[in-house]
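Okay, so here's the structure we're looking at.
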Amino acid sequence: MKKIYLIAILMFLLSGCSITRPAITEYRLSLKDFSSKNYPNSCKDKSLKVSSAFSSNSLMTLEMNYMQDRHKIYSYSQSRWNNSPNQEISSQIFSALRDAKIFDSVHNAKSRNKSDLILEINIQDFMQYYSDDLSASYVNIAICFTLIDAKTNKTMATKSFSAKKDVKSLDAAGGVEALDTALGEIIDESLDFLSGVCL
């Protein structure tokens, strides 16, 4: 009887090791190229430091969240970000500013270089939304940019940008694609704004 009991336990333990779990798909935003557009030369003699973006804690994890009925927040169980949205958005904005050559030089938040200007980024919304019956979905992004004079700590300019896009497919992939497009539009508009601040 003890042998049968031990065999049963052994079979149970071994069967637990063979359970297959569905693979988790990781997503990231595509890197956009803003190097081909011409911007005014008003800030060409200024250096810029891009601060790490401010955001809610939910945008600092790899979890891919969505909101239903404006109140309920859920996470996709089989999808996640390759990099946290906060870090990814900060990196995208930094790369865009560097490529656009609006400023003499652009430094990230960890750089020890002293810069003439500091750019603060506040991510107010970066989310996929579903209707209550899950029959429709869209994404919304809202980001505020504040340019500060590093010597005086005075705000030179501040402006908020937002973009809303319907998704092509009602899943995580559709949300990422729409978020990617919306972020590209916001970065493009923010570059136009920042290029005119020094005029």
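In whole angstrom, how long is each semi-axis of the equivalent ellipsoid of segment 26-117, when you take the square root of 5 times every eigenvalue of its Cα gyration tensor and sort them from largest down? Kindly include the intermediate steps, with their values, before the conclusion.
Working: eigenvalues 206, 42, 27 Å².
Computed over segment 26-117, the values are 32, 15, 12 Å.
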Total charge dipole magnitude, the chain, about the Cα centre, Cβ charges on Lys, Arg, Asp, Glu only, Debye to nearest 20: 820 debye
Take the solvent-accessible surface of the protein heavy atoms, probe 1.4 Å, and return the percent of it on segment 43-195 that carbon and sulfur atoms account for. 45 percent
Residue by residue through segment 73-79, which ³J(HN,Hα) values in whole Hz follow from phi under the Karplus form 6.51 cos²θ - 1.76 cosθ + 1.60 (θ = phi - 60°), with glycine and proline marked x? 10, 10, 10, 5, 7, 10, 9
Expressed to one decimal in nm², the mean projection of the alpha carbon convex hull of the chain is 16.5 nm²
Partner aspartates and glutamates whose C-alpha sits under 13 Å from that of residue 101, ignoring same-chain residues fewer than 8 away, are 33, 45, 192
Charge dipole (the chain, unit charges on Cβ, about Cα centre) - positive-most of 140, 169, 87: 87
Find how many whole Å separate the alpha carbon centroid of segment 173-199 from the alpha carbon centroid of segment 39-57. 14 Å
Show me the ranking of peptides 142-155, 183-196 by mean Cβ neighbours inside 10 Å, starting with the highest. 183-196, 142-155
Signed unit charges on C-beta, dipole axis of the chain, positive-most listed residue 96, 52, 128: 52
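For segment 43-195, what relative contact order do you get, as a whole percent, if you take Cα pairs closer than 8 Å and at least 6 residues apart? Each step should come with its number before you reach the end.
Working: 309 pairs, mean separation 36.6, N = 153.
24 percent.
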Calculated from backbone phi, Karplus (6.51, -1.76, 1.60) coupling profile of segment 170-177 in Hz, x at Gly/Pro: 7, 7, 4, 4, x, x, 5, 4
Residues with amide H under 5 Å of residue 106's amide H, sequence separation 5 or more or different chain, H placed in the peptide plane at 1.01 Å from N; which? 48
How about residue 164: which lysines have a C-alpha closer than 22 Å to its C-alpha, ignoring those fewer than 8 places off in the same chain? 32, 72
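The values are calculated or read from the model by the stated rules, or taken from the named source; none is laboratory data. Because the structure is predicted, anything quoted here is derived from the model rather than measured. As a convention, Cβ positions derive from the backbone with ideal geometry for all residues, glycine included, and neighbour counts pool all protein chains shown. When the accessible area is computed, the model is the full protein with side chains, heavy atoms only, and any ligands, DNA or RNA have been set aside. Shrake-Rupley method; radii C 1.70, N 1.55, O 1.52, S 1.80 Å.
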